[in-house]
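Visitor: After the structure tokens below, expect a handful of questions from me.
Only the coordinates and a few stated rules stand behind these numbers; no lab work does. Here the structure is a predicted model, which means the values were calculated and not measured. All Cβ positions, even for glycine, are placed from backbone atoms using ideal geometry, and neighbour counts span all protein chains on display.
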Amino acid sequence: MTWPDNAPQEIRTMIDANHPFYRPLWRRLMIPIVCLIWVCFELYAGGPIWAAMVGAVGLYATYKLFIEKPKAAAQERADERLE
């Protein structure tokens, strides 16, 4: 899915791994861990639909924060100049 060029950056990405909030490793680790705990709770409570949705969010967060490569600072500055 692509967003229009005039859409704000906050809307374009749910998790921006380049944001300073995600620099500390403990924050990047806690997001998928909390999702996993929540999935276990939902399965225990009998909510498989909620467990699937939270599991999808946890997988997406894991992908964005650990698997996808963050942009280099120089490339990010060049992208900002183009916008």
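Visitor: Need the full-extension length gain, Leu25 to Ile49, defined as separation in residues times 0.36 nm minus the C-alpha distance. One decimal, nm.
Guide: My answer for the length gained is 5.7 nm.
Visitor: What is the sum of charges, Lys and Arg at +1 and Asp and Glu at -1, for the other residues whose Cβ falls under 14 Å from the Cβ of Arg27?
Guide: +2
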